[in-house]
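As structure tokens, the structure follows; a few thoughts come after it.
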Number of protein chains: 2
Amino acid sequence: MKKNVLIIGAGGVAQVVAHKCAQNNDVLGDIHIASRTVAKCQAIIDSVHAKQNLKNADGVLKGHALDATNVDATAALIRETGSQIVINVGSAFINMPVMSACIATGAAYLDTAIHEEQDKICETPPWYANYEWKRREECEKAGVTAILGAGFDPGVVNAYAKLAVEDYFDKIDSIDIIDINAGSHGKYFATNFDPEINFREFTGTVYSWQNSQWQSNKMFEVKKIWDMPVVGESQTFMTGHDEVHSLSQNLNVPNVRFWMGFGDHYINVFTVLKNIGLLSEKPVLTAEGQEVVPLKVVKACLPDPSSLAPNYTGKTCIGDLVKGTKDGKETEVLIYNVADHKEAYEEVGSQGISYTAGVPPVAAAMLIASGEWDVKKMANIEELPAKPFLHLLNHMGLPTRIKDANGDRDLDFAS
Amino acid sequence: MKKNVLIIGAGGVAQVVAHKCAQNNDVLGDIHIASRTVAKCQAIIDSVHAKQNLKNADGVLKGHALDATNVDATAALIRETGSQIVINVGSAFINMPVMSACIATGAAYLDTAIHEEQDKICETPPWYANYEWKRREECEKAGVTAILGAGFDPGVVNAYAKLAVEDYFDKIDSIDIIDINAGSHGKYFATNFDPEINFREFTGTVYSWQNSQWQSNKMFEVKKIWDMPVVGESQTFMTGHDEVHSLSQNLNVPNVRFWMGFGDHYINVFTVLKNIGLLSEKPVLTAEGQEVVPLKVVKACLPDPSSLAPNYTGKTCIGDLVKGTKDGKETEVLIYNVADHKEAYEEVGSQGISYTAGVPPVAAAMLIASGEWDVKKMANIEELPAKPFLHLLNHMGLPTRIKDANGDRDLDFAS
């Protein structure tokens, strides 16, 4: 049994994590939020109070200034706050130092995205082997629970894959993870996450796992239309994504692919900016002699993603389409969730993309607190039992649905 | 009779001006080129020698470093070089100081585009009244010939309008100036002039002269397809342009409009960049605290316009479609020129857009040298006799053609 949570980061996802931790502080204990800019922590704390989301109203909810690249400072804050669970939802560049601080203190570690280095885009597959998995032994030796990629995708979609293995198939041939945001923010153009990170995701090689080996494609090279529940026919492109790099190694499935929905407008804007060179991380020199990174200027011109929340409408649909055989028969199951931008904003003051990413790590923290997922080693989500996680999420705003030959229905744990 | 030419500026148009002056140095005398960066003058001089374009091979052809915003320095260089004709093809921001230097020394002044101030885009119409025409009296008193807008458009198209008045109509109802570049530079996106100046042209109000009054529109608001000789059906948009602001005041014509050809790709790129805010002249602040003008970063990412010349293919077609009455009958005449990018590059090392802009001021300089256009006052092209100018251009690489009820033919001065 572990308790007291330190949230690292104070962006859109951290806001959701804080609200959800607060709603469950009877289980999770004290809630601390740390960020380089303590004012951003305070803004989140204020929004938790404004929504009256603190279940135990006398519980601790406190902000801290922290440079999370400093392992000693992070370890000191973990000790000072008595935090036994760290939810890292800061930038993708701080995963390794935060993990080091957890190993030093024995606190459980949770993140939602793969570790990245500033100057490297899209390293060799499987991505987890470049940083995270090199530290498996170190975690096990220290008895530290480190759960990787516990957002929605990666995260919940990994649990969907595990559920398919556990309950629906004898043998799986393919897992296609499909991520559709059919929401509308009303701006000419905006990204749902930090534009810099968002564009980094799409400028590298697209790796997929096909016929039990890595395949390389370019972004927007492979297109597919999927007919998805609620959001309908959706244009997607094969995209590189974290979960392909663990599911392919941990489940014995020959085909694992990720498909992200993109409208023609997004593709057009992305293509113009990329072809002109405005998404480059490499500095250019202006006629006046100023050295500037174009991508950082594009980011400065685009809307702040958190500013989109108040007017965001529409729904997201994210799920796993799994194909294989059960009892000798060919079987196809879609395991999915539908979330609503406006409902997310009303509950926690965030848009739906932050909501789907921020709720799952809190469910995971609760399973660490209860001991069910306190495995005292490093694990990707598909290495853990799926049902306790999906059961919790059914009650935390991200219900799972199943669509197969037997119909389209809630995943029901009562039966 | 005037001689010896000082060219101010060392960009793509200046290169054409230098080559054409050199080809006619038996008439024009010594040729001097002045720019802030003397190395750019030298590169032009080298290219003139490489193409053996100096007609009188012993003639003077020399580069000079000059800050043309400094009136005294410019006047001193005019005196030192004994230049009686100044061709100003530097940036649009230096017209007024260069004109002052001409008035101080008695040298004739020629330019190809309207004066602009850095911080003002698209001032009130007629544009010439904001700066140039305020100095009419000053020029006349000093006996200084100052010919405004002597490029192609403005310039040759003004002479086409004057020719229509002189020879083809009793009464003109409308002049539509149509500028089509059907060339291809093989790049994803590039501008034919300095991107900063190019985009400035299209971010302001579009002024046209209709029913004898100014009409305001937005860029890309008014579209028209024209079927033009050689280049065929071409998509154009009503655009603000210098010559509308003088023809409307100097010729008694109720409708003067300018139409620029834009492909869908140009419009798409322009629209994306503009809507995101990347064409803004106002600085933005990056997350790292750097203050940057987005338009200057876009300029730094785009190809240098002069780099396009070697691979530029295809043709331009620019002309005046004039409608009115002659001998009581409704009449329609298209007066136009077709130029070829590759031929321009072979002759003077420049692309066709620079060529059409750079040849006419040299023809104008030759008419000042001969005395025919040495009017000792300020004049726009349509205030001068059109035929000597068009006759010269027929022999300098920009022949005029006429298309009307009598067919499509060369403008023939022999008959």
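The values are calculated or read from the model by the stated rules, or taken from the named source; none is laboratory data. Computed from a prediction, not measured in an experiment: that's the story for all the values here. Virtual Cβ from ideal backbone geometry, glycine too; neighbours counted across all protein chains shown.
Considered as a group, the residues in the range A:271-314 that are in a helix (DSSP H, G or I), hydrophobic (A, V, I, L, M, F, W, C) and more than 22 Å from the chain's Cα centre (by Cα) include one that is farthest from the other protein chains (Cβ to nearest Cβ), and that residue is A:Leu295.
The single residue among A:Gly183, A:Gly204 that is crowded, with 21+ Cβ neighbours inside 10 Å, within 25 Å of A:Asp304 (Cα to Cα), more than 14 Å from chain B (Cβ to nearest Cβ) and not acidic (Asp, Glu) turns out to be A:Gly183.
Of the helices (runs of 4 or more DSSP H) entirely within the range A:1-62, those holding at least 3 residues that are hydrophobic (A, V, I, L, M, F, W, C) and over 20 Å from the mean Cα position of the chain (by Cα) occupy A:38-50.
Of all residues assigned to the range B:153-164, none qualifies as being in contact with a Lys or Arg (Cβ under 8 Å, 6 or more places away or on another chain), assigned to a helix (DSSP H, G or I) and of a type in the set (Phe, Trp, Tyr).
Screening B:Leu28 on (1) out of contact with any helix residue (DSSP H, G or I) (no Cβ under 7 Å at 6 or more places or on another chain); (2) in contact (Cβ under 8 Å) with a residue 40 or more places away in the chain shows it passes everything except condition (1).
Residues to consider are A:Lys187, A:Lys134; find the one that is out of contact with any Gly (no Cβ under 9 Å at 6 or more places or on another chain) and free of Cβ contacts under 8 Å to residues at least 12 places away in the same chain. Lay out the reasoning, then the answer.
On the way: A:Lys187 fails: free of Cβ contacts under 8 Å to residues at least 12 places away in the same chain.
The match here is A:Lys134.
Tally time: how many residues in the range A:236-286 are crowded, with 19+ Cβ neighbours inside 10 Å and charged (D, E, K, R)? Qualifying residue count for the region: 3.
Restricting attention to the range A:226-270 and to residues that are within 14 Å of another protein chain (Cβ to nearest Cβ) and in contact (Cβ under 8 Å) with a residue 60 or more places away in the chain, the residue that is nearest to A:Ala159 (Cα to Cα) turns out to be A:Tyr266.
Considering only residues that are in a loop (DSSP other than H, G, I, E, B) and over 11 Å from A:Ala34 (Cα atoms), look in the range A:63-78 and name the one that is farthest from the chain's Cα centre (by Cα). Restricting to residues being in a loop (DSSP other than H, G, I, E, B) and over 11 Å from A:Ala34 (Cα atoms), the top hit is A:Asn70.
As for the range B:380-388, it holds at least one residue that is in the same structural domain as B:Ala146 (by TED's automatic domain parsing), under 16 Å from the mean Cα position of the chain (by Cα) and not polar (S, T, N, Q). Here A:Val86 meets each of (1) in contact with a Cys (Cβ under 7 Å, 6 or more places away or on another chain); (2) part of a helix (DSSP H, G or I) with one exception, condition (2). Pairs are defined by a Cβ separation below 7 Å, a sequence spacing of at least 6 or placement on different chains, a first member in the range A:72-100 that is among the β-branched types (Val, Ile, Thr), and a second member that is at pLDDT below 95; the pairs so defined are A:Ile85/A:Lys2; A:Val89/A:Val13.
Restrict the check to the range B:236-259 and report whether at least one residue is within 27 Å of B:Gly151 (Cα to Cα), in contact with a His (Cβ under 8 Å, 6 or more places away or on another chain) and outside any helix (DSSP H, G or I).
First, pick out the residues of the range B:236-259 that are within 27 Å of B:Gly151 (Cα to Cα): B:236-259.
Add one more test, that the residue is in contact with a His (Cβ under 8 Å, 6 or more places away or on another chain), and what stays is B:258.
Pick out the ones that are also outside any helix (DSSP H, G or I) and you get B:258.
Within the range B:236-259, one or more residues are within 27 Å of B:Gly151 (Cα to Cα), in contact with a His (Cβ under 8 Å, 6 or more places away or on another chain) and outside any helix (DSSP H, G or I).
Every condition in (1) crowded, with 20+ Cβ neighbours inside 10 Å; (2) touching a Pro at 6+ places or on another chain (Cβ under 6 Å); (3) in a strand (DSSP E or B) is met by A:Trp214 except one, and the failing one is (1). Under 28 Å from A:Gln235 (Cα atoms) and either surrounded by 20 or more Cβ atoms within 10 Å (Cβ to Cβ) or in contact with a Ser or Thr (Cβ under 7 Å, 6 or more places away or on another chain) (or both) - does that describe any residue in the range A:128-148? No; the residues of the range A:128-148 include none that is under 28 Å from A:Gln235 (Cα atoms) and either surrounded by 20 or more Cβ atoms within 10 Å (Cβ to Cβ) or in contact with a Ser or Thr (Cβ under 7 Å, 6 or more places away or on another chain) (or both). Screening the range A:175-189 for residues that are within 27 Å of A:Ala363 (Cα to Cα) and not in a loop (DSSP other than H, G, I, E, B) and picking the one that is nearest to the chain's Cα centre (by Cα) gives A:Asp179.
Screening B:Pro303 on (1) in contact with a strand residue (DSSP E or B) (Cβ under 7 Å, 6 or more places away or on another chain); (2) surrounded by fewer than 24 Cβ atoms within 10 Å (Cβ to Cβ); (3) in contact (Cβ under 8 Å) with a residue 60 or more places away in the chain shows it passes everything except condition (1). Scanning the range A:28-40 for residues that are closer than 16 Å to A:Val13 by Cα, touching a Lys or Arg at 6+ places or on another chain (Cβ under 8 Å) and not aliphatic (A, V, I, L, M) yields one hit, A:His32.
Return yes or no: is A:Gly328 surrounded by fewer than 23 Cβ atoms within 10 Å (Cβ to Cβ) and under 29 Å from A:Ile172 (Cβ atoms)? Walk me through how you get there before you give the answer.
Numbers: surrounded by fewer than 23 Cβ atoms within 10 Å (Cβ to Cβ): yes; under 29 Å from A:Ile172 (Cβ atoms): yes.
Yes.
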